[in-house]
Amino acid sequence: QVQLVESGGGLVQPGGSLRLSCAASESIFNFNYMGWYRRAPGKERELVAGITSGGVTNYLDSLKGRFTISRDNTRNTMYLQMSALQPEDTAVYFCYARTKWSGYWGQGTQVTVSS
């Protein structure tokens with residue numbers, strides 16, 4: 001069973017930065033797609049950013065320029081660099097990974113943007 005463990009969340013002031021990490025229990029070469037999703041209070045889960053095994057990325061339009069997704073195949077880890085954070089970015093951020101046969105979710109990490 002694939003395990004995905006997120007880390008790096010926390011409390012940050014508006015305008016600040018955080019880097020989220022998603023560590024996989026197996027080689028991320030096995031995943032044809034990985035992504036970050038978030039669920040804000042009272043809202044549905046939404047895609048934040050995704051990256052294919054070939055390095056092609058996609059982002060929620062409103063986040064382009066502030067968030068950057070990347071993956072380090074040598075560390076079996078995916079990252080989400082977030083900058084210029086705003087209170088509306090407050091949410092639980094989830095890691096997702098997909099193989100040819102299944103999709104897997106992490107447990108989520110809380111990001112709170114508040115002064």
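The values are calculated or read from the model by the stated rules, or taken from the named source; none is laboratory data. Just so it is clear, the structure is predicted and the values come from calculations on it, not from any experiment. Cβ sites come from the backbone with ideal geometry, for glycine too, and all protein chains shown count toward neighbours. These accessible areas exclude ligands, DNA and RNA; they are computed on the full protein's heavy atoms, side chains included. Shrake-Rupley method; radii C 1.70, N 1.55, O 1.52, S 1.80 Å.
In the chain, the portion of solvent-accessible area held by carbon and sulfur atoms comes to 47 percent [1.4 Å probe, whole percent, DNA, RNA and ligands not counted].
Assuming charge only on the beta carbon of Lys and Arg (+1) and of Asp and Glu (-1), the dipole of the chain about its Cα centre is about 120 debye to the nearest 20. Per residue, the solvent-accessible area of the chain (1.4 Å probe, heavy atoms of protein chains only, all protein chains present) comes to 53 Å². Projected over every direction and averaged, the convex hull enclosing the alpha-carbon atoms of the stretch 1-42 yields 4.5 nm². Using a Gaussian network model of the chain whose springs link C-alpha atoms within less than 10 Å, name the residue from Thr74, Thr57, Thr90 with the highest mean-square fluctuation. So, out of Thr74, Thr57, Thr90, the one fluctuating most is Thr74. The Cα atoms of the chain define a convex hull whose projected area, averaged across directions, is 6.7 nm². The modelled label-to-label distance for the pair Leu11/Ser53, using points 7 Å beyond Cα in the direction of Cβ, is 4.2 nm.
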